[in-house]
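Okay, so here's the structure we're looking at.
The values are calculated or read from the model by the stated rules, or taken from the named source; none is laboratory data. Worth saying up front: this structure is predicted, and the values here are computed from it rather than measured. Methodologically, a virtual Cβ is constructed for each residue, glycine included, from the backbone with ideal geometry; neighbour enumeration extends over all protein chains shown. Quick note on the areas: whole protein, heavy atoms, side chains included, nothing else; ligands and nucleic acids left out. Shrake-Rupley method; radii C 1.70, N 1.55, O 1.52, S 1.80 Å.
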Amino acid sequence: MRLYRTVLSIAGSDSGGGAGIQADIKTISALGVYATTAITAVTAQNTCGVSSIEPVSPLLVKAQIEAVLSDIGADAIKIGMLHNMATAKAVSEAIVQYNPQYVILDPVMISTSGHKLIEDETIDFIRNTLMKQASLITPNIDEAALLAQCEIQSEKEVYTAAEKLLNTGCQAVLMKGGHLKGETMTDILFTKNKNPLVLKEKHITSQNTHGTGCTLSSAIASYLALGQQLEDAVIAAKRYITQAIEAGSVVTVGKGHGPLNHFFNPTPLHITSEHLT
């Protein structure tokens, strides 16, 4: 039997196409993996910001997940925006039910333009439950500070926050340093019982950085679905997003933070004889 490698994205819809489900589908597809989705919320947004959010009912979110996993399956799952507690619980229940091999949690709480995308009560549930179910969490600096309940103003404080997050029970944390000032873009992968993996790339001057977190987490999930180990998947995803930012930096889309160029070098869908799970 010939099969595609698959990634299920559980996330919100971005009407502007730069982040959320749309960025996930573009990323997963560009890397040669088959993308399926479960939409958690519908947002009205563009490159300038988010003007409205309408959550999808938790029952429908769970039904979407079950429809995909009971039939197509998933080699990896990426979780993005979970707007409220009921939706977060529905996703958690589905993870328990289907026990996927890889779960990448991108705790989307604040957009690139600074808009809050999540209800306060949901943060505790993510910290106390979902993070423990994830293979990897990928917070940016602001999100990591919220989850670790500490300030992060320097690279030293990144290490302190990561230790706090690992102590909550999650398996691995990729601390994204793009919001810290500097000439390099430094991300650090923290894994239990391993030395931190420091990933540095040159800082790229670009207005088009909308959806970078969604893209990175989806890329990691895609490389895991293709059979790479976590560290290799993170390295490959970091390389992909750096090239996507650079390729999109010279294009104008909208009046604010535009999208990356996800399709700077697309890969045909990989075909294999079996799924990872």
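Let me know the shape class of the range 84-220, please: from the alpha-carbon gyration tensor, a ≥ b ≥ c as square roots of the eigenvalues, rounded when a/c is under 1.5, otherwise prolate if a/b is greater than b/c, or oblate.
On the way: a/c = 1.62, a/b = 1.37, b/c = 1.19.
Cα axes put the range 84-220 in the prolate bin.
Of all accessible surface on the range 1-119 at a 1.4 Å probe, what whole percent is carbon and sulfur? Intermediate results must be reported in sequence, preceding the final value.
Details: 2420 of 4460 Å².
Roughly 54 percent of what the probe reaches on the range 1-119 is carbon or sulfur.
What is the percent carbon and sulfur in the accessible area of the range 176-269, measuring with a 1.4 Å probe over the protein chains and ignoring ligands? Write out the running numbers ahead of the final one.
Details: 2420 of 4750 Å².
C and S atoms contribute 51 percent here.
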**Study point:** Pairs from 26/164; 164/200; 26/202 whose Cα-Cα separation, in the structure shown, is over 30 Å
**Key:** 26/164
**Study point:** Selected from 187, 120, 142 as most flexible by GNM, with the chain as the system and alpha-carbon contacts under 10 Å
**Key:** 120
Review point. Which value in nm describes the separation of the simple spin-label points at residue 267 and residue 72, placed 7 Å from the Cα toward the beta carbon?
Key: 1.8
Check your understanding: residue 255: which aspartates and glutamates have alpha carbons under 20 Å from its alpha carbon, excluding same-chain residues fewer than 8 sequence positions away?
Key -> 14, 246
Study note, to complete from the structure: Per GNM of the chain with C-alpha springs under 10 angstrom, the most fluctuating residue out of 60, 105, 82 is 60
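Where both partners of a DSSP beta bridge lie in the range 1-77, what percent of those bridges are antiparallel, to the nearest 5?
40
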Point to revise | Residues in the range 17-34 reached by a label modelled at residue 251 [backbone nitrogen below 18 Å; 7 Å Cα→Cβ] | key: 17-32
Check your understanding: So which lysines can residue 89 reach, going by Cα to Cα under 16 Å and dropping same-chain residues fewer than 8 places off?
Key -> 62, 78, 132
**Study point:** Accessible area expressed per residue, the chain, with surrounding protein chains retained (probe 1.4 Å, Å²)
**Key:** 44
Exercise for review: Quote to one decimal, in nm, the extra length available between residue 151 and residue 63 on full extension: 0.36 nm per residue of separation minus the C-alpha distance between them.
Suggested key: 27.9 nm
